[in-house]
Amino acid sequence: MRFFKHTLRSRSVRRMSGFIMLATLLIQTVAQAEEDWLARSQHILERLEGQPRPAWLDSNPHQAESNLQALELVNATKSKALAVMPDELTAHPQGKPVRVMFVSFSQGDAVLKDIFQEASGQEDVLLVFRGPKPGQKVPGFFADLKALLKDIDPLPNIVIDPTRFQKWKVTAVPEIVVEAQGRALLRVKGVTSLDWVKSRQNAGRQGDLGRFGEVYDIAEIDLLEAIKSRLATLDGQRLKQQAIARFWEKRQFEVLPEVREDRDRTIDLTVTAPRDLIAPNGNLIIRAGHAVNPLDQMAFGLCLIVFDATQPIQLDVVRQLSCRDQNARVLYLATQLSREDGWEGLKSLETALKAPVYLLTPDVRQRFQLQQVPAVVEQAGNRIVVRERKVLKPAAGAKS
């Protein structure tokens, strides 16, 4: 297998490596047959297609989805330098201290405008709001900010980051926390002068300096708590069913025509390296012009039975198909499933076949040059053979 880890430089050899990886993925997936049928079916989709895991499979899918929607909403309506940013994204590079000032519209427009002007152009300063005002939509919040930022150039670094309020337990504003590598080097309440805080930093002051001026209640809501409250009102079961339904509605199937005549086709997976392939340590992996058949290096070990699960007669044929290599692991691949029956239909199909069933993917279809179904794909010597078998329709008047 060492050879196959270093063959990505060649398009031809990439195809060979893809085959090996595909075979390995299929083997690994079949070995998990004892898993729950739903998780198992989704697993093959993830591994073979590289598709992201559907949110409804997670233990609490709606929280992640709602958080994402909230972040997308904020970022879609932000102007330059305005965003919702997690802690690690707003830290100063090289771990240098960042002066984080917690602010609120409760301080008044005039005070906020003065703060914005002083923070303009200071890359180590971050102004943090907790969220929009009660009853206010995020676009309205940014509209208010935009009015105060008029004629200020460059724009100061302003974010909505309720996690920082929670982390430093900020309950009133203004408060400034000098952060470095996740720690608070210095903090002070009631101060809006960034230069004053900088002078204390330069003087070596550390720790909580206390309160030096008037503080105000925070006018804005906690955006994260608002999301949690919203989640508590959602009908989780209904959303889950809707997500499942949408999955099957949007699912793209690899539909193949039905076999008209029996046919056996042989596929040679041999590839030729167009240039020398060298390992990182300088060793020659394969010389230019050298032909390699992956089946000489690693047995396929699988027998793929491909069929259209929407055609009951093909299911009857599949039950009769057999693999020539009795030691090969059988893997059922459906070109399509009933969208109406969805996961219940898949479950019934697996029960009928007494084995897991996976959806055929473009990569598998192309790799084995699948053209018609039902078909059996397995190894014969150092070749892959595809056996297509005609579906015999019952005669008119005959009982099915």
Please go through the range 272-310 and pick out each residue that is touching a Pro at 6+ places or on another chain (Cβ under 9 Å), acidic (Asp, Glu) and not in a loop (DSSP other than H, G, I, E, B).
-> none
Starting from residues that are more than 17 Å from Asp222 (Cβ to Cβ) and among the charged types (D, E, K, R), keep the ones in the range 136-182 and report whichever is surrounded by the most Cβ atoms within 10 Å (Cβ to Cβ).
-> Glu179
Consider Ala219 carefully, then state whether it is open to solvent by 50 Å² or more (accessible area, probe 1.4 Å) and either closer than 18 Å to Pro97 by Cα or at pLDDT 95 or above (or both).
-> no
Matching residues, the range 190-216, being open to solvent by less than 70 Å² (accessible area, probe 1.4 Å) and in a strand (DSSP E or B) = Gly207, Leu209, Gly210
Gly131 meets each of (1) open to solvent by 10 Å² or more (accessible area, probe 1.4 Å); (2) assigned to a loop (DSSP other than H, G, I, E, B) with one exception, condition (1)
In the range 331-347, which residues are open to solvent by 30 Å² or more (accessible area, probe 1.4 Å) and at pLDDT below 90?
-> Ser338, Arg339, Glu340, Asp341, Glu344, Lys347
Test set (1) in a helix (DSSP H, G or I); (2) in contact (Cβ under 8 Å) with a residue 24 or more places away in the chain - Ser348 fails condition number | (2)
In the range 109-128, residue surrounded by the fewest Cβ atoms within 10 Å (Cβ to Cβ) [restricted to those that are out of contact with any helix residue (DSSP H, G or I) (no Cβ under 7 Å at 6 or more places or on another chain) and in a helix (DSSP H, G or I)] = Ala110
If the Cβ limit is 6 Å and pairs must be 6+ apart or interchain, which residue in the range 114-128 that is under 19 Å from Ile160 (Cβ atoms) pairs with which residue that is in a loop (DSSP other than H, G, I, E, B) and among the polar types (S, T, N, Q)?
-> Ile115/Thr192; Leu126/Thr90; Leu126/Asn157
Scope the range 247-267; condition open to solvent by less than 80 Å² (accessible area, probe 1.4 Å) and either of a type outside the set (Asp, Glu) or at pLDDT below 90 (or both); matching residues | Phe247, Trp248, Arg251, Phe253, Leu256, Pro257, Val259, Arg265, Ile267
Does at least one position in the range 297-310 carry a residue that is open to solvent by 60 Å² or more (accessible area, probe 1.4 Å), in contact with a Phe, Trp or Tyr (Cβ under 9 Å, 6 or more places away or on another chain), in contact (Cβ under 8 Å) with a residue 60 or more places away in the chain and closer than 30 Å to Arg275 by Cβ?
-> yes
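For the range 312-360: of the residues being β-branched (Val, Ile, Thr) and out of contact with any helix residue (DSSP H, G or I) (no Cβ under 6 Å at 6 or more places or on another chain), which is farthest from Gln372 (Cα to Cα)? Steps first, please.
Here is the first cut: in the range 312-360, the residues β-branched (Val, Ile, Thr) are 313, 317-318, 330, 335, 351, 357.
Checking which are out of contact with any helix residue (DSSP H, G or I) (no Cβ under 6 Å at 6 or more places or on another chain) leaves us with 313, 317-318, 330, 335, 351.
Numbers: Ile313: 15, Val317: 14, Val318: 14, Val330: 19, Thr335: 10, Thr351: 25 Å.
The qualifying residue farthest from Gln372 (Cα to Cα) is Thr351.
The values are calculated or read from the model by the stated rules, or taken from the named source; none is laboratory data. Values in this document were obtained by computation on a predicted structure and should not be read as measured data. All Cβ positions, even for glycine, are placed from backbone atoms using ideal geometry, and neighbour counts span all protein chains on display. Ligands, DNA and RNA are excluded from the accessible area calculation, which covers all protein heavy atoms including side chains. Shrake-Rupley method; radii C 1.70, N 1.55, O 1.52, S 1.80 Å.
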